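Visitor: Okay, handing you the structure first.
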Amino acid sequence: MLYIRSICIDCSFRGCCPSIGLDTMTIIVATARNGRVVMGGDRSSVGTETIQVSLTPKINRIGNWLIGYTGNGWGTPQLSAFATLPDSPDDLEATLRQTFVSSMRSLIEEYGGQKQSKADFLVGGYGRLFETNSSDWSFIELEESAIGQGYHLALGSLCTTSKWKNQSRRVEKALDAAIHYAPGCCYPIDIEEA
């Protein structure tokens, strides 16, 4: 399921983020509950003096997996669309470390992703959610997480909606909070389920 919204429902404000030149951009939010993963992200693209809206979502679907990415260099995050991921939930964490990390390193080397750029990833599938980054490729399994500009705002929203059953709505509200208050985030948003 793909869900896209162009403006904030609460304030009807388009483009809640001013152009102030940031090193980081984007907000990615995800939850893993009841055997499914819900992940959402904005489409901001921040330069030194501008912010633009990307036509490409920052969540990639590969089979039963969702990969959300944010980073401060062109190349590395976008290569995640071509990553190799486990096709079975057996020994998921170990297999994920081997397949995803190995494929991302190969892709960076082969296709010229910026080795010095920092990229953060949320990787969700088979009802489980993991966070990793290109600095050391360590993985942590979480029930909910947020990465990118305004991640702390999104986490606060996830905390206040923790009792809500509708995970898509929780992710949407967390994205709204980050977009409304963080200058490196903007509409539209995309929400996917796996």
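Visitor: Could you give every pair whose Cβ atoms fall below 7 Å, whose first residue belongs to segment 133-156 and is open to solvent by less than 40 Å² (accessible area, probe 1.4 Å), and whose second residue is in a loop (DSSP other than H, G, I, E, B) and among the basic types (Lys, Arg), counting only separations of at least 6 or pairs across chains?
Guide: So the pair list comes out as 133/118; 134/118.
Visitor: Now a separate question. Within segment 83-98, is even one residue touching a helix residue (DSSP H, G or I) at 6+ places or on another chain (Cβ under 8 Å), outside any loop (DSSP other than H, G, I, E, B) and modelled with pLDDT of 70 or more? Step through it out loud before you land on a result.
Guide: So in segment 83-98, the residues touching a helix residue (DSSP H, G or I) at 6+ places or on another chain (Cβ under 8 Å) come out as 83-86, 88.
With the extra rule that they be outside any loop (DSSP other than H, G, I, E, B), the set shrinks to none.
The answer is no, given that none of the residues of segment 83-98 is touching a helix residue (DSSP H, G or I) at 6+ places or on another chain (Cβ under 8 Å), outside any loop (DSSP other than H, G, I, E, B) and modelled with pLDDT of 70 or more.
Visitor: While we're here: Let me confirm something: among 141, 131, which residue is modelled with pLDDT of 85 or more, more than 14 Å from the chain's Cα centre (by Cα), closer than 17 Å to residue 194 by Cβ and part of a strand (DSSP E or B)?
Guide: Numbers: 131 fails: more than 14 Å from the chain's Cα centre (by Cα).
Unique residue meeting the criteria: 141.
Visitor: Could you list all residues from segment 68-82 that are hydroxyl-bearing (Ser, Thr, Tyr), outside any loop (DSSP other than H, G, I, E, B) and at pLDDT below 80? Show your work before the answer.
Guide: First pass over segment 68-82, keeping only residues hydroxyl-bearing (Ser, Thr, Tyr): 69-70, 76, 80.
Within this subset, residues satisfying the condition of being outside any loop (DSSP other than H, G, I, E, B) are 69-70, 80.
The one that is hydroxyl-bearing (Ser, Thr, Tyr), outside any loop (DSSP other than H, G, I, E, B) and at pLDDT below 80: 80.
Visitor: Step by step: first the residues of segment 99-128, then only those that are of a type in the set (Phe, Trp, Tyr) and at pLDDT 90 or above, then the one that is nearest to residue 183 (Cα to Cα). Which residue is that?
Guide: Step one: list which residues in segment 99-128 are of a type in the set (Phe, Trp, Tyr), which gives 100, 111, 121, 126.
Those still in the list that are at pLDDT 90 or above too: 121, 126.
Working: 121: 20, 126: 33 Å.
So the residue we want is 121.
Visitor: Could you list all residues from segment 162-185 that are farther than 13 Å from residue 30 by Cα and assigned to a loop (DSSP other than H, G, I, E, B)? If you could, list the steps in order and put the result at the bottom.
Guide: First, the residues of segment 162-185 that are farther than 13 Å from residue 30 by Cα: 163-165, 176-185.
Matches in segment 162-185: 163, 164, 165, 182, 183, 184, 185.
Visitor: A further question follows. Under 20 Å from residue 58 (Cβ atoms), out of contact with any Pro (no Cβ under 9 Å at 6 or more places or on another chain) and surrounded by fewer than 20 Cβ atoms within 10 Å (Cβ to Cβ) - does that describe any residue in segment 114-127?
Guide: Restricting attention to segment 114-127, the residues satisfying the condition of being under 20 Å from residue 58 (Cβ atoms) are 114, 117-125.
With the extra rule that they be out of contact with any Pro (no Cβ under 9 Å at 6 or more places or on another chain), the set shrinks to 114, 118, 122-124.
Filter again for surrounded by fewer than 20 Cβ atoms within 10 Å (Cβ to Cβ), leaving 114, 118.
There is at least one residue in segment 114-127 that is under 20 Å from residue 58 (Cβ atoms), out of contact with any Pro (no Cβ under 9 Å at 6 or more places or on another chain) and surrounded by fewer than 20 Cβ atoms within 10 Å (Cβ to Cβ).
Visitor: What number of residues in segment 172-188 are surrounded by 24 or more Cβ atoms within 10 Å (Cβ to Cβ) and of a type in the set (Phe, Trp, Tyr)?
Guide: So the answer is 0.
Visitor: Something else about it: Can you find a residue in segment 24-41 that is in a loop (DSSP other than H, G, I, E, B), open to solvent by 30 Å² or more (accessible area, probe 1.4 Å) and closer than 16 Å to residue 148 by Cβ?
Guide: To start, the set of residues in segment 24-41 that are in a loop (DSSP other than H, G, I, E, B) comprises 24-26, 34-35.
Right, trim to open to solvent by 30 Å² or more (accessible area, probe 1.4 Å) and you get 24, 34-35.
Still in the running and closer than 16 Å to residue 148 by Cβ: 24.
Yes, because at least one residue in segment 24-41 is in a loop (DSSP other than H, G, I, E, B), open to solvent by 30 Å² or more (accessible area, probe 1.4 Å) and closer than 16 Å to residue 148 by Cβ.
Visitor: Please go through segment 116-172 and give me each residue that is within 15 Å of residue 37 (Cα to Cα) and among the aliphatic types (A, V, I, L, M), ordered by number.
Guide: Listed by number, the residues that qualify are 122, 123, 129, 142, 146, 158, 171.
Visitor: Can you name the number of the only condition in (1) in contact (Cβ under 8 Å) with a residue 24 or more places away in the chain; (2) small (Gly, Ala, Ser); (3) surrounded by fewer than 18 Cβ atoms within 10 Å (Cβ to Cβ) that residue 44 fails?
Guide: Failing condition for residue 44: (3).
Visitor: Could you please tell me which pairs satisfy a Cβ distance under 6 Å, a separation of 6+ or placement on different chains, a first residue in segment 81-110 that is open to solvent by 40 Å² or more (accessible area, probe 1.4 Å), and a second residue that is assigned to a helix (DSSP H, G or I)?
Guide: 82/107; 84/99; 84/103
Visitor: Among the numbered conditions (1) of a type in the set (D, E, K, R); (2) free of Cβ contacts under 8 Å to residues at least 40 places away in the same chain; (3) outside any helix (DSSP H, G or I), tell me where residue 190 comes up short.
Guide: Every listed condition holds for residue 190 apart from (2).
The values are calculated or read from the model by the stated rules, or taken from the named source; none is laboratory data. On a predicted model such as this, the values are computed, not experimentally measured, just so you know. A quick note on method: Cβ atoms are made from the backbone with ideal geometry, for glycine too, and the neighbour counts reach across all protein chains shown. Quick note on the areas: whole protein, heavy atoms, side chains included, nothing else; ligands and nucleic acids left out. Shrake-Rupley method; radii C 1.70, N 1.55, O 1.52, S 1.80 Å.
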